[in-house]
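Below is one structure; the comments refer to it alone.
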Amino acid sequence: MNTCAIVGINWGDEGKGRVVDLLTENYDVVIRYQGGGNAGHTVINDRGKFALHLLPSGIFREGVVNILGNGVALDPENLWKEIGEVVSRGVSVTPENLKISNRASLLLPWHRELDALEEQRLADRQYGSTKQGIAPFYSDKYQKKTVMAGEMLHPEEMRAHLKELMEWKNLTLSRVYGSRPWTMEMLDAWIRDCCLPILPFVCDTGSFLKQARDQGKRIMFEAQLGALRDLDYGIYPYTTSSNTLAAYAPIGAGLPSLRPEGVIGVVKAYSTCVGEGPFVCEMFGEEAERLREAGQEYGAKTGRPRRVGPVDLVATRYGVEMQAATEIALTKLDVLSAMDRIPLCVRYRVDGQETEDFPFPTELAKAEPVIEYMEGWCCDISGVRRWEDLPQAARDYVTRIEQAIGCPITYISVGPERESMIYRA
Ligand code: GDP
């Protein structure tokens with residue numbers, strides 16, 4: 001595949017980062033096309049263990065150009081910190097291997113503050129935001145109340161633009177939330193300390209991509225979160241504020257005509273969900289605690305325990321359809337090795353009726369899971385590298401998921417390391 005997208009099928013945290021890190025071996029360009037630093041992609045490779053937030057997961061591969069597309073929420077402060085962290089561990093990040101779209105909008109310093117203030121106002125009705133300012137950022141982007149990275153190349157105009165935005169935003173900060181207003185001194189410090197350091201990375205990534213395509217370079221799109229968090233097709237309002245779907249990738253990447261030829265959907269061998277909202281297959285009690293521990297299901301950004309459950313075939317089938325996935329990478333199969341029987345959520349029951357279709361968000365809150373069990377394999381599979389060497393019960397489990405979602409499972413991961421992957425042709 002010359003162009004391919006790596007996307008999440010479920011609620012996010014499926015293990016997209018490790019799949020990108022592995023597959024970039026065969027790619028020249030990797031682009032993050034939406035979302036911001038509100039989630040983490042964990043990558044374990046020969047350089048160590050990294051939790052990337054905004055940087056594309058191709059950053060570790062020599063010769064790969066990483067792009068932050070116009071669709072991302074570009075937080076200069078956190079990006080500069082993140083660059084500092086990976087550079088301090090020996091990873092090279094230069095304008096040669098990292099390019100920021102001049103059309104990416106900037107997450108402004110008050111966006112994080114507004115996120116926290118709104119969650120505080122909502123109190124026990126919170127959305128479970130990671131408070132990275134993503135929702136206020138995208139609202140302002142669509143209101144045309146932020147600035148684009150390319151404006152940094154015109155400092156005087158950008159300062160005047162920011163001043164106008166600040167005066168407008170101060171009305172909300174002080175009169176709605178009773179919070180402290182921003183001043184130009186504070187903004188000047190933000191421009192100097194956070195924006196100027198990333199300026200050398202800013203360029204016209206659209207024309208770079210066009211050239212790369214014309215030269216036959218192999219291009220990968222990397223998504224954040226999963227289909228069920230997509231703003232339009234997810235579990236609204238418990239979604240993120242951007243489009244996580246592969247169909248959006250060319251728009252958010254910078255070259256609308258560059259469609260992915262293949263879409264690799266990443267699915268975890270069980271379900272996890274961070275934050276609030278309906279999570280039909282959720283497990284509780286000791287069984288949930290054991291699964292959470294076995295999978296180390298704690299948020300990469302917040303450390304929050306993730307909600308856990310069995311694989312949800314209803315939600316996963318929907319996610320596969322929405323992502324238009326052409327193949328699946330099934331991750332973390334090793335985590336289920338200790339279970340003597342493995343639960344699967346095969347259908348939902350809504351108002352006494354069983355269904356295999358994913359319901360409208362309001363109905364989802366009433367849905368209950370229909371659970372079936374399969375035999376476990378009860379042995380360590382983390383050293384397995386070939387499909388035929390997996391225990392029969394593990395192969396049956398994978399095949400059952402594959403049949404239910406109607407998409408071939410071609411990669412199966414059995415450990416977090418780069419090489420802990422089974423490729424099934
Ligand atoms: P992403 O945001 O989709 O990239 O996913 P995260 O990085 O948030 O979550 C995936 C977590 O699972 C990370 O901690 C990975 O190191 C870990 N992981 C990924 N694949 C496997 C696997 O096959 N087995 C185990 N045990 N852990 C894995």
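The values are calculated or read from the model by the stated rules, or taken from the named source; none is laboratory data. Keep in mind that this is a model prediction, so the values were computed, not measured. Positions of Cβ are generated from backbone atoms using ideal geometry, with glycine treated the same way; all protein chains shown enter the neighbour counts. Accessible surface areas use protein heavy atoms only, side chains included; no ligands, DNA or RNA. Shrake-Rupley method; radii C 1.70, N 1.55, O 1.52, S 1.80 Å.
For the chain, the solvent-accessible area works out to 42 Å² per residue, with a probe of 1.4 Å and every protein chain left in place. In plain terms, the C-alpha convex hull of segment 157-207 casts an average shadow of 4.8 nm² when viewed from every direction.
Short-range pairs are left out: with C-alpha atoms under 8 Å and at least six residues apart, the relative contact order of segment 20-86 is 39 percent. For the Cα trace of segment 210-312, dividing Rg by the Kirkwood Rh returns an Rg/Rh value of 1.07. With contributions of -39500 (n - 2.57) from each DSSP H run of at least four residues, the per-residue ellipticity at 222 nm computed over the chain stands at -8500 deg cm²/dmol. Taking the C-alpha atoms only, the angle from helix 392-405 to the longest principal axis of the chain is near 60 degrees. Normalised by residue count, segment 130-238 yields a Cα convex hull volume of 160 Å³ per residue.
Extents of segment 254-368, taken as max minus min of Cα coordinates on every principal axis and listed largest first, are 50, 35, 29 Å. Here the dipole of segment 127-251 is about 260 debye; that uses its Cα centre as origin and unit charges on the Cβ of Lys and Arg (positive) and Asp and Glu (negative). Taking Cα centre as origin and charging only the Cβ of basic (Lys, Arg, +1) and acidic (Asp, Glu, -1) residues, the dipole magnitude of the chain rounds to 780 debye.
Over all pairs of different C-alpha atoms, segment 1-109 has a mean inverse distance whose reciprocal, the Kirkwood radius, equals 14.1 Å. Rg over Rh for the chain works out to 0.98, both radii taken from alpha-carbon positions and Rh defined as the Kirkwood radius. All C-alpha pair distances within segment 314-376, sorted into 10 Å bins from zero, spread as 19, 38, 36, 7 percent across the bins. Entry for segment 224-272 at q = 0.25 Å⁻¹: log10 I(q)/I(0) = -0.98, Debye formula applied to identical alpha-carbon scatterers, no solvent contribution. All C-alpha to C-alpha distances of segment 119-179, sorted into 10 Å bins beginning at zero, yield P(r) values of 19, 42, 30, 9, 1 percent in whole numbers. Apolar share of the accessible surface for the chain: 49 percent from carbon plus sulfur atoms, 1.4 Å probe. Its relative contact order, with pairs defined as Cα atoms under 8 Å and 6+ residues apart, puts the chain at 20 percent. Show log10 I(q)/I(0) for segment 291-425 at q = 0.10 Å⁻¹, two decimals, from a solvent-free Debye sum over equal Cα scatterers. Per q value, in the given order, log10 I(q)/I(0) is -0.36. Our estimate of slack between E417 and A123, defined as 0.36 nm per intervening residue step minus the Cα-Cα distance, is 101.9 nm. Calculate how many DSSP beta bridges within segment 9-144 are antiparallel, expressed in % of all such bridges and rounded to the nearest 5. Antiparallel bridges: around 35 percent, rounded to the nearest 5.
Of all DSSP beta bridges confined to the chain, the antiparallel ones make up roughly 40%.
Measuring nothing but how far apart in sequence close Cα pairs (under 8 Å, 6+ apart) lie, relative to its length, segment 178-334 scores a relative contact order of 23 percent.
Report the Cα centroid-to-centroid distance between segment 29-82 and segment 145-193 in angstrom, as an integer. Centre-to-centre distance over Cα atoms comes out at 26 Å. In this entry, segment 67-192 is assigned a mean projected area of 8.8 nm², taken as a quarter of its C-alpha convex hull surface. Surface calculation, 1.4 Å probe, protein heavy atoms: H161 sits at approximately 50 Å² accessible.
For the chain, the longest principal axis of the alpha carbon atoms and the long axis of helix 313-323 meet at an angle near 40°. Overall size of segment 350-425 from C-alpha positions, given as principal axis extents largest first: 45, 24, 21 Å.
How big is D, in µm² s⁻¹, for segment 9-59 by Stokes-Einstein at 20 °C and 1.002 mPa s if Rh is the Kirkwood radius over C-alpha pairs? For the chosen part, D equals 188 µm²/s.
Compared with the dominant Cα axis of the chain, that is its longest principal axis, helix 205-214 is turned about 50°. Here segment 286-375 carries DSSP beta bridges of which approximately 85% are antiparallel, counting only pairs with both residues inside.
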